[in-house]
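Q: Here you go, one structure.
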Amino acid sequence: MSIEEKYKINKEITINDIARELNVSKSTVSRALQDHYSIGEKTKEAVRQLAEKYNYNPNTIAASLFKKSTQTIGVIVPILSHYFFSTVIAGIEDTAYKAGYKVIICQSNESYEREVIVAKTLLSARVDGVIASISRETNDAAHFKIFNTKNIPLVFFDRLPGGIKSASVSVDDQAGAFKVVEHLIRQGHKTIAHFAGPQHITLAQNRLQGYKDALKKYKIPFKKELVYDCGFERQQGIDTAKRLLQQAHLPDAIFAVCDPVAIGTMLALKEQGIRIPEQIAVAGFNDDPTATVIEPALTTVAQPAFEIGQAAANIFLKQIKQSRKKIINEVLQTTLVVRKSG
C-alpha cells in the first residue's frame, strides 16, 4: 500500500511510512526531522516535505522516553483564579518558553488530597521538574519527597512546606509584615489585631512574626487574643471579622495575612456600619488588583509576583544542568503601598 492510499484510509502516517516511501531508514527520517547534522540537506528537505504533505506528527511521548526528557515543567498552585498565582505562572511560562520548555499547570484547590493526586500525575507524565506552592491543608510533604528521591528538580514558591529540603523562592514576609504594621502604629493605632494564616505554612508564621516584631519595637504588648486563626480566602476574612465584631472591645486596626482576607474583612466591617479607617483601619499583603477597586483603597504590601515566577523557573533551569541538585533559596523584597484604608 502506498502512502497516499494509507493516508486516504485512516490518515495515520508513521515514521516507517515516510522511510519506506523515500527508501531510507527509520533512523534517517528521525534524524532528518530533528535537523541532525549527519543528514544531508536534500534528504532533510525530502523528509520535511513528505511529513508536511501528510500532516505527520512525531510521537513526542516515545521521543521523550528515548531522550529521557519531556521538556515540560509541572506547576502546582492552590488557586488559579488568584491574581498572585496567575502572575507567578506568567513569570514561570515566560522564562520556561524562552528556554524551550512547556508548562503543565495543575490546581490543588486548597486540598491536600488533590495536591497528592496532581503530584503523582505529574510524576507519571515524566515532567522534567516541578514548581509548587502548597495548599492550606498541606502539613505533610511526603508526596513531594519522591521528586527528590528521583533527582527531579523541585522548587517551592510563596507557601513553603516544612520537613523537606528543597529549592525555593519567597519574599521576606517577616520584613513586609513589619513594615505594614509599623505604618499602622505610626498612624496612631495601638490595638492592632492580626488575621493570621495557617501556622504550618511558613509565610503565615513569618507574617505573624513581623507583626510581633513591630509591636515589640514600639513597646506595645503582644496579646494572643488579638491574633485570629484565619485562612487565605475572602469568605474567611468575612467570617473572622464577624467573630471579632462579637467582642466587647474592638481593635483600632486589623492586619490581614493577605489581600483577599483584608477585603473580606472590610466588607464585613462596612456591612455593620463601621467606618474605615476612622474607626478601624485595615491593611493586607499581596497588592491584589482588587485592592485599588474597593472603597477605601487598601493599604498593603506589594510582592513581585512575576519576578517570583521567573526566579523559580531559573532555579529549575540551573538544577536541570546539575547531576546533584544544589539547594537554592532565593528571597525577594516587598514594597509597602499606602492607600486610604489605613
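Q: Would it be correct to say that ILE263 is under 24 Å from ILE220 (Cβ atoms), surrounded by 15 or more Cβ atoms within 10 Å (Cβ to Cβ) and out of contact with any strand residue (DSSP E or B) (no Cβ under 7 Å at 6 or more places or on another chain)? First the steps, then the outcome.
A: Numbers: under 24 Å from ILE220 (Cβ atoms): no; surrounded by 15 or more Cβ atoms within 10 Å (Cβ to Cβ): yes; out of contact with any strand residue (DSSP E or B) (no Cβ under 7 Å at 6 or more places or on another chain): yes.
The answer is no for ILE263.
Q: Mind checking whether some residue in the stretch 147-156 is modelled with pLDDT under 95, on the phi > 0 side of the Ramachandran plot and not in a strand (DSSP E or B)?
A: Scanning the stretch 147-156, I find at least one residue that is modelled with pLDDT under 95, on the phi > 0 side of the Ramachandran plot and not in a strand (DSSP E or B), so the answer is yes.
Q: Which condition breaks for SER341 when tested against (1) over 26 Å from ASN206 (Cα atoms); (2) outside the structural domain of SER86 (by TED's automatic domain parsing)?
A: SER341 satisfies every listed condition except (1).
Q: Right, something else. Tell me which residues, restricted to the stretch 157-184, are touching a helix residue (DSSP H, G or I) at 6+ places or on another chain (Cβ under 6 Å) and assigned to a helix (DSSP H, G or I).
A: Within the stretch 157-184, ASP173, GLN174, ALA177, PHE178, VAL181, GLU182 qualify.
Q: With the requirement that a residue be farther than 30 Å from HIS183 by Cβ, out of contact with any Lys or Arg (no Cβ under 7 Å at 6 or more places or on another chain) and buried (at least 16 other Cβ atoms within 10 Å of the Cβ), what does the stretch 294-327 give you? Spell out how you get there, then give the answer.
A: Going residue by residue through the stretch 294-327, those that are farther than 30 Å from HIS183 by Cβ are 313-327.
Next cut, out of contact with any Lys or Arg (no Cβ under 7 Å at 6 or more places or on another chain) only: 313-318, 320-326.
ALA313, ASN314, ILE315, PHE316, LEU317, ILE320, LYS325, listed by residue number.
Q: On to the next question. Look at the stretch 180-200 and say how many of its residues are of a type outside the set (Val, Ile, Thr) and more than 24 Å from the chain's Cα centre (by Cα).
A: Taking the stretch 180-200 first, the residues of a type outside the set (Val, Ile, Thr) are 182-184, 186-190, 193-200.
Narrowing the set further to residues that are more than 24 Å from the chain's Cα centre (by Cα) leaves 182-184, 186-190, 193-194.
Summing the residues that are of a type outside the set (Val, Ile, Thr) and more than 24 Å from the chain's Cα centre (by Cα) in the stretch 180-200 gives 10.
Q: Mind checking whether some residue in the stretch 241-262 is among the β-branched types (Val, Ile, Thr) and more than 16 Å from VAL180 (Cα to Cα)?
A: Checked against the condition, which is being among the β-branched types (Val, Ile, Thr) and more than 16 Å from VAL180 (Cα to Cα), the stretch 241-262 yields no hits at all.
Q: Anything in the stretch 128-146 that is within 22 Å of GLY100 (Cβ to Cβ) and either within 16 Å of the chain's Cα centre (by Cα) or crowded, with 24+ Cβ neighbours inside 10 Å (or both)? List them, or say none. Write out each step before concluding.
A: So in the stretch 128-146, the residues within 22 Å of GLY100 (Cβ to Cβ) come out as 128-132.
If the condition is that a residue be within 22 Å of GLY100 (Cβ to Cβ) and either within 16 Å of the chain's Cα centre (by Cα) or crowded, with 24+ Cβ neighbours inside 10 Å (or both), then GLY129, VAL130, ILE131, ALA132 are the ones that fit.
Q: Of all residues in the stretch 208-267 being of a type in the set (Asp, Glu) and assigned to a loop (DSSP other than H, G, I, E, B), which is nearest to HIS189 (Cα to Cα)? Let's see the steps before the verdict.
A: Of the stretch 208-267, the ones of a type in the set (Asp, Glu) are 213, 225, 229, 233, 239, 252, 259.
From what's left, assigned to a loop (DSSP other than H, G, I, E, B): 233, 252.
On the way: GLU233: 25, ASP252: 6 Å.
Of everything passing the filter in the stretch 208-267, ASP252 is nearest to HIS189 (Cα to Cα).
Q: Cβ contacts < 7 Å: first residue in the same structural domain as VAL103 (by TED's automatic domain parsing), restricted to the stretch 123-141; second residue surrounded by fewer than 17 Cβ atoms within 10 Å (Cβ to Cβ) and in a strand (DSSP E or B), any location; separation 6+ or different chain. Result?
A: If the second residue must be surrounded by fewer than 17 Cβ atoms within 10 Å (Cβ to Cβ) and in a strand (DSSP E or B), the pairs left are ALA125/ILE104; VAL127/ILE104.
Q: Next question. Working only within the stretch 303-342, note down all residues that are in a strand (DSSP E or B) and over 16 Å from LYS165 (Cβ atoms).
A: Within the stretch 303-342, the first condition is being in a strand (DSSP E or B), and the residues that meet it are 329-332, 335-337.
Across the stretch 303-342, the qualifying residues are VAL331, LEU332, THR335, LEU336, VAL337.
Q: Scan ARG186, ARG207, ARG243 and give me the residue that is in contact with a His (Cβ under 9 Å, 6 or more places away or on another chain), of a type in the set (Lys, Arg) and in the same structural domain as PRO277 (by TED's automatic domain parsing). Please lay out each step first, then the result.
A: Details: ARG186 fails: in contact with a His (Cβ under 9 Å, 6 or more places away or on another chain); ARG243 fails: in contact with a His (Cβ under 9 Å, 6 or more places away or on another chain).
Just one listed residue meets the conditions, ARG207.
The values are calculated or read from the model by the stated rules, or taken from the named source; none is laboratory data. What you see is a predicted model; the values in this text were computed from it and never measured. Note: ideal-geometry Cβ built from the backbone for every residue, glycine included; neighbour counts use all protein chains shown.
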